[in-house]
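Colleague: Sending over a structure as structure tokens; questions will come in a sec.
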Amino acid sequence: MQIYMSRLQGQSGAFPVSYAELRQAARQKLTDDAFGYLIGGAADGQAVEQNEAAFDTWNIVPRVLGDVNSCRLGSNLLGLRIKSPILLAPIGVQNILHSEGELASSKAAASLAMPFVLSTVSSFSIEAV
């Protein structure tokens, strides 16, 4: 809530929250090769452009003073009950971004009881992950 309120007042936070700020922070930290891989997208960038355009059609509509006593964020996935309606499906070859790569991402997903999707181009074997 603190981050939200400070942003409403035009203050910068301790870490980036907008896509543009995240991209700029990544640009400053990563090598040219790693940054290019991270933002490259498929083919000539059409997939990125199409995904961004599709995402821009969605809006967050705040609903205040609603009864939240019976909210359930869980969902069913292949017959299993999961706690959240999302999966963590990051890019492959994560070791170019961090030495622990998919090992760290899968640990984070496990700590949140969130399903993890391993890329076919993972930096580590499926057994290790």
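Coordinate-derived values only; no laboratory data. Quick caveat: nothing in here was measured; it's all calculated off a predicted structure. Quick reminder, even Gly has a Cβ in these numbers, built from the backbone with ideal geometry, and neighbours come from all protein chains shown.
Colleague: From the residues PHE124, ILE96, ASN69, which one has its Cα farthest along the dipole of region 34-129 in the positive direction, the dipole being from +1 and -1 charges on Cβ of Lys/Arg and Asp/Glu about the Cα centre?
Modeller: ASN69
Colleague: For the chain, what is the Kirkwood estimate of the hydrodynamic radius, computed as the reciprocal of the mean inverse distance between distinct Cα atoms, to one decimal in Å?
Modeller: Details: mean 1/r = 0.0557 Å⁻¹.
Evaluated over the chain, this radius sits at 17.9 Å.
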